[in-house]
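The structure appears below as structure tokens.
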Amino acid sequence: MKTMLKAFSLPAAALALALGTSVASAQSVAQTPLSQPIQTSGSVNPSRLSSCGVLGDGAVQILQVNQDFAAVDIAVSGTSGLTLLIQGSNGFSECHTGGGGTINAPGLLNQGTYSFFIGNSGPTPTSYNLTIREN
């Protein structure tokens, strides 16, 4: 799936406030171009009901796209019922589900800031491995 979006470039903290998330709860903020893939793992205790299942309290990763667009491959593996919500500048929101515990989401992200939230189809504690590669 390819996604195109015109987006503003906002500092991560400003975007996090606008999205109701906390930068402090995110594991890290990365910026493009990526010299190597982003890899993060952990677990979330889903407690926030959303249109993309039950999410953890905060973003597990924030990505600042600094060029006009970035072609990325996003892969998440983890607990059965896994969900991934990507929220970005200018109202961008995309939900991916992986019933078997695997999600692959290639796409184009326009310039802006994107927050990655991990969840589950229910309030089940969820382990995850997230990888973001720039093509």
Checklist entry - Mind listing the phi-derived Karplus ³J(HN,Hα) values for the stretch 67-80, rounded to whole Hz, using 6.51, -1.76 and 1.60 with θ = phi - 60°, and x for any glycine or proline? => result 8, 3, 7, 10, 8, 10, 10, 10, 10, 10, 10, x, 5, 4
Next on the checklist: Around Pro33, under 13 Å between beta carbons, what's the net of Lys plus Arg minus Asp minus Glu among the other residues?
Outcome noted: -1
Checklist entry - Given R₀ = 22 Å, FRET efficiency for His96-Gln39 by Cβ-Cβ distance, to 0.05? => result 0.80
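Taken together, the values in this text are just the output of simple stated rules run on the coordinates, not laboratory data. Just so it is clear, the structure is predicted and the values come from calculations on it, not from any experiment. Every residue, glycine among them, receives a Cβ derived from its backbone with ideal geometry; neighbour counts consider all protein chains shown.
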